[in-house]
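Structure first, commentary second.
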């Protein structure tokens, strides 16, 4: 076996491990997102669990975790591009797992809310870092696809939460469902510790050229150096949020943040309130959980298919289209339709809301150069989480005000139209690589 073949094999193995670790991390992010939606009806109907709750208070509890995600993501954006991808991912896994385990022990709404916020901070670190990690290891021509694989972990986690709630909620209760969310501490943490490397491209962006080359040689990845640079003499680029404030990135960053705001408002709003909205529309609890399952399952497969199109025609066009399709589906869902057609529309809505957010993360991850990538994804996840915070609050306020399920869907459809318009305004990305570069190959580096 020649050196090129060995290097190619190393690169492929590295990419597989990075994608697997990042995807499993986000499966539990999605699990955390949806598991609360599966227990809302129980908490509303049984005061012995956490105390007396109404819809508005439940919406507020749902938003605490999202506020934590925003804080965790923005904090990661401030430091992640300085301390590296590996440290940030491992810290997020530990933080999130411990938070989920402690939430299962909460005795009242106060502690439940505090622990949901704390857990969200760990989730924010993972969401903000996963895209940056994958973008720096995935082959260039398949980055949207690999990002979609990873961020499809969020709706896949939603599917897992829905299924486990349908099968196990009677046996283990809501506390048992939250304890399941602590399992990454037992298997994912050891996996990340032993198999997740630091990003060679991140090391290069910090001016640590010798370390970057050595790690690239070991993992089979490739690097890009400025043409006029010698080994060990690459100047560290402006990193973190400072890079986002430059003329190159200021406007796109604002627009990408607004895209994420719309996508996460729809994602969290529908995942939190879809079961309750459907119950108020006359469907039983089992049917309501079925809608939630279809919403997330469609997002997994639809997001992956849409990512293939994004690699071919560009993510901007695909994101705008999926936002629009979500709006159309939610308007049609207000009609009295047979169950099969209604489920089909829920599936389209899942692709256009949760699936669209998957595409947005890929869009953002590949929009920035390495020194700004972590901050760019963190901004997208952090500012976008404001939309995630407003989603459950908006749904709770609408339902507590006594509006019809149809009106709630019209409001969410309007948000999707705004997302379409904002996406259309995002400037085309310039190359994420430095303007004058030379490829420095440690091996094949294709990662395929």
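Figures for the structure shown
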| read-out | value |
| --- | --- |
| For residue 18: the one exception among (1) over 20 Å from residue 125 (Cα atoms); (2) in a helix (DSSP H, G or I) | (1) |
| Criterion violated by residue 292 - all others in (1) within 23 Å of residue 29 (Cβ to Cβ); (2) surrounded by 24 or more Cβ atoms within 10 Å (Cβ to Cβ); (3) at pLDDT 80 or above satisfied | (3) |
| Leading residue by the ranking (surrounded by the fewest Cβ atoms within 10 Å (Cβ to Cβ)) among those in segment 122-160 that are in contact (Cβ under 8 Å) with a residue 40 or more places away in the chain, assigned to a helix (DSSP H, G or I) and over 16 Å from the mean Cα position of the chain (by Cα) | 141 |
| Qualifying residue in segment 399-422 (condition: surrounded by fewer than 24 Cβ atoms within 10 Å (Cβ to Cβ), closer than 22 Å to residue 244 by Cβ and touching a residue at least 40 places away in the same chain (Cβ under 8 Å)) | yes |
| Test for residue 268: is it surrounded by 24 or more Cβ atoms within 10 Å (Cβ to Cβ), closer than 30 Å to residue 369 by Cα and at pLDDT below 90 | yes |
| Boolean, residue 117 is closer than 20 Å to residue 395 by Cα and under 21 Å from the mean Cα position of the chain (by Cα) | yes |
| Flag for residue 392 being over 22 Å from residue 199 (Cα atoms) and out of contact with any helix residue (DSSP H, G or I) (no Cβ under 9 Å at 6 or more places or on another chain) | no |
| Inter-residue pairs, beta-carbon under 7 Å, first at negative phi and outside any helix (DSSP H, G or I) and in segment 82-105, second modelled with pLDDT under 90 and surrounded by fewer than 18 Cβ atoms within 10 Å (Cβ to Cβ), 6+ apart | 104/175 |
| Test for residue 330: is it touching a helix residue (DSSP H, G or I) at 6+ places or on another chain (Cβ under 9 Å) and buried (at least 23 other Cβ atoms within 10 Å of the Cβ) | yes |
| Matching option when the condition is farther than 29 Å from residue 336 by Cα and either crowded, with 24+ Cβ neighbours inside 10 Å or in contact (Cβ under 8 Å) with a residue 24 or more places away in the chain (or both), among 396, 362, 350 | 362 |
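The values are calculated or read from the model by the stated rules, or taken from the named source; none is laboratory data. Fair warning: this is a prediction, and the values are worked out from it, not measured in the lab. Note that we place each Cβ from the backbone using ideal geometry, even for glycine, and neighbour counts take in every protein chain shown.
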